[in-house]
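Only one structure is covered here, and it is reproduced in the block below.
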Amino acid sequence: MPRRLVNLALLVAVPVLVATGLLAWVAPSPIAEGLLVMHRVAGVGLVLALAWKYGIARRSVRRRVRGGLDVSLAVGGIASIALLLVLGLGLAWSIGVVSFDRPLGYSLLNVHVFVGVALVPLMVAHAARRWESRPATRDLGGRRVALRALALGVGAVVATAALDRVGLARRSTGSRAAASFSGNDFPLTIWAFDAVPTIDAATWSMRIDGDVVSPGAIFYEDLLALPSTEREAVLDCTGGWWTEQRWRGVTLADLLASHGVRASAKRVDVVSLTGHAWSFPIVEADRLLIATHVGGETLSPGHGYPARLIAPEHRGFQWIKWVIQVHVA
C-alpha cells in the first residue's frame, strides 16, 4: 500500500478511535453500542495496518539516524510507544489478561483511555514535521489499493468478532461483572479523583431550585419520610466494571412534584457537593432516583451517602454522588 496512504490512514484512525471511545460514554445506549463496535473494529484494523507502517518506519529510521539528531524522530518514537501501549492494553483487556482489579488496584482501562487521548497531539505533532504532499491524494486510488483496503476492512471485522468470543464475559461497553446484589460491597470509583467528603446528615440538605414554583431545601430526615421507590439498575463504570444493585430512594419526578415544575422546564441539573454535575432532559425525571439505600443498606460514604443519583442506562460518572442541589432549567 502506498506510504502516504498508510500514513494518512493512521493519522485519521487515531482521532476516530479516541472520538468513538469518548462519545460512547455519553451517547444513549443503542448509539453507544454502535460506537463501541466501530471502536473495536477500527482498533483491530489499526493493528493490521501497522504491518505496512512498520516497513515504512524501519527504512525511514535507518536513513535518518545516520543524519544525526532529528526532533521528529523523537516525537515519532514517543508516539509509537504510546500507540503500542494503547493497542496492547486494549487487546489485553479484550482477551481478559488485565481487568479493572488486576494486575493493579487501578483499572488499566483508564490508562488505555488517558494514553489514547494523549496520543492525538503526539500524532499531530509528528505529522506536522513529516507531512508529505506526494503523490497527490487523488492519485492514491487504484484497483490494487482498493482490494488491499477491502481486505484490511474484512480482516478487521472478522478478527474483532473472534476477539469478542474469547476472554472473560463483558458487556458491550467492555465492562466486567463486579459484585452484583451485594449492598455496599461493590467497587468504589470516584470521578475526577475527588476525595470522599465527610457529611453530617443532621446538617445536610439538598436544594431544589430553578424553574419551579416553590424553590426550597429538603433535609435528610424529610427525604427518608417521602414515599420511597425500589429499583434494580445496572451501574456501568467507565473504569471497566458493572454491577447490578437494588436501590431505594425517591424518584426525581416525585421530588420535583412537591415543588411545582413549570411547563417551560426542559432539563434538570443534578449537582454534587464536590461540584461534579450532570444535566438530564426533564422527561427522564421519572426514571431517575435520588437513592439513600442500596441492597437494604444505608449508602456508605464512598458510594454517595447521604444521597446519590441513580440514572439507569447512563454511564457511572453520570450517577452523581453526594447530591446537594437539583436545579430545573
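The values are calculated or read from the model by the stated rules, or taken from the named source; none is laboratory data. Everything numeric here is computed off the predicted structure, so don't read it as measured data. When we count neighbours, we look across all protein chains shown, and the Cβ atoms used for this are built from the backbone with ideal geometry, even at glycine. In case anyone asks, the SASA skips ligands and DNA or RNA and just uses the protein heavy atoms, side chains included. Shrake-Rupley method; radii C 1.70, N 1.55, O 1.52, S 1.80 Å.
Based on Cβ point charges of +1 for Lys and Arg and -1 for Asp and Glu, what charge dipole magnitude is obtained for the chain about its Cα centre, in debye rounded to the nearest 20?
Values: 33 positive and 23 negative charges, 599 e Å.
So the dipole magnitude of the chain works out to roughly 2880 debye.
How much of the DSSP bridge set in the chain is antiparallel, in percent, rounded to the nearest 5?
Here the share of antiparallel DSSP bridges comes out near 85 percent.
Could you look at the chain and say what percent of its accessible area is carbon and sulfur, using a 1.4 Å probe and all protein chains?
64 percent
Would you mind getting the Kirkwood hydrodynamic radius of region 17-117 from its Cα pairs, rounded to one decimal in Å?
15.4 Å is the Kirkwood radius here.
Quick one: compute the contact order of region 262-329, relative version, from alpha carbon pairs under 8 angstrom and 6+ residues apart, as a percent.
The value is 41 percent.
Taking the highest mean first, how do the peptides 243-253, 195-205 order by number of other beta carbon atoms within 10 angstrom per residue?
243-253, 195-205
What is the percent of Cα-Cα separations in region 204-329 that go past 26 Å?
13 percent
Give me D for the chain in µm² s⁻¹, whole number, from Stokes-Einstein with Rh from the Kirkwood sum over alpha-carbon pairs, 4 °C and 1.567 mPa s.
57 µm²/s
Please list E230, E132 in order of solvent-accessible area, largest first, computed with a 1.4 Å probe with all protein chains present.
The most accessible residue leads, giving E230, E132.
Relative contact order for the chain: what is it in percent, counting Cα pairs under 8 Å that are at least 6 residues apart?
It comes to 17 percent, rounded to a whole number.
Calculated FRET efficiency, S258 and S172, Cβ-Cβ r, R0 35 Å, to nearest 0.05?
Calculated transfer efficiency: 0.40.
Counting helices only, and only those DSSP H runs with n ≥ 4, report the 222 nm mean residue ellipticity of the chain as the sum of -39,500 (n - 2.57) divided by its residues, in deg cm²/dmol to the nearest 500.
-15000 deg cm²/dmol
Stretch L22-R130 to full length: gain in nm at 0.36 nm per residue minus the Cα-Cα span?
Contour length minus Cα-Cα distance gives 36.1 nm.
Give the accessible surface of the chain per residue, rounded to a whole number of Å², with probe radius 1.4 Å and ligands, DNA and RNA excluded.
That works out to 51 Å² per residue.
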